């Protein structure tokens, strides 16, 4: 998502960008429909399970990101372009107040509606911790030392804390914001995400084709 992360300003941008990618507001109506017949304690437990799953997936991407890139055999620049394209598709869907096929296909939405589980699949994966979030974390951790990776993990944890809070308060949030309010929040995050996506693609293309610089 970023060409390089080397300052607290860059880390804060990464944190804000990751929150936009996770987009907790898009999960609110889905979470409420999933837990409609459950008690407040069960909804709270579901929010915790979903959040911990997202945290585990993204922390795994932060820890194993370098190895994943080596196994794939692709360059970081090409990964930036591909990841940026995924983010841009997500952003365009968010600007239309939709989850979009990148986050969730019609089959996955149907599976979620019929699910009797705790919403780990496909709410946590791939709706929240999907290819966009995973690729962003991998790119962000690339080439950094232990302290850098630790700060990225802390940022991931903070983003997941925001996700957990919104899911835990999904009922009052959904009631107060309503469909229109949630759609506005999604569109604002989508606009922010589009900017990050273009930045990621531009950095990748510049590295692949130095003449563009």
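The values are calculated or read from the model by the stated rules, or taken from the named source; none is laboratory data. Being a predicted model, the structure only gives us computed values, none of them experimental. Every residue, glycine as well, gets a Cβ built from its backbone with ideal geometry; the counts of neighbours run over all protein chains shown.
Annotations for the structure displayed:
- Residue within the range 30-48 that is at pLDDT 80 or above, surrounded by 21 or more Cβ atoms within 10 Å (Cβ to Cβ) and within 14 Å of the chain's Cα centre (by Cα) present: no
- Among the residues making up the range 64-94, those that are free of Cβ contacts under 8 Å to residues at least 40 places away in the same chain and either within 17 Å of the chain's Cα centre (by Cα) or closer than 20 Å to residue 160 by Cβ (or both) are 64, 89.
- Boolean, residue 193 is under 27 Å from residue 62 (Cα atoms) and either buried (at least 19 other Cβ atoms within 10 Å of the Cβ) or free of Cβ contacts under 8 Å to residues at least 12 places away in the same chain (or both): yes
- Pair list, Cβ under 6 Å, 6 or more apart: the range 34-63 residue over 19 Å from residue 162 (Cβ atoms), other residue at pLDDT below 90 and not in a helix (DSSP H, G or I): 34/119
- Residue within the range 14-24 that is in contact (Cβ under 8 Å) with a residue 12 or more places away in the chain, buried (at least 16 other Cβ atoms within 10 Å of the Cβ) and in a loop (DSSP other than H, G, I, E, B) present: yes
- Criterion (closer than 25 Å to residue 95 by Cα, in contact with a helix residue (DSSP H, G or I) (Cβ under 8 Å, 6 or more places away or on another chain) and surrounded by fewer than 18 Cβ atoms within 10 Å (Cβ to Cβ)) met by exactly one of 162, 173: 162
- Enumeration of residues in the range 139-150 that are surrounded by fewer than 22 Cβ atoms within 10 Å (Cβ to Cβ) and in contact with a helix residue (DSSP H, G or I) (Cβ under 6 Å, 6 or more places away or on another chain): 142, 149
- Positions within the range 64-76 being part of a helix (DSSP H, G or I) and surrounded by 13 or more Cβ atoms within 10 Å (Cβ to Cβ), in sequence order: 64, 65, 66, 68, 69, 76
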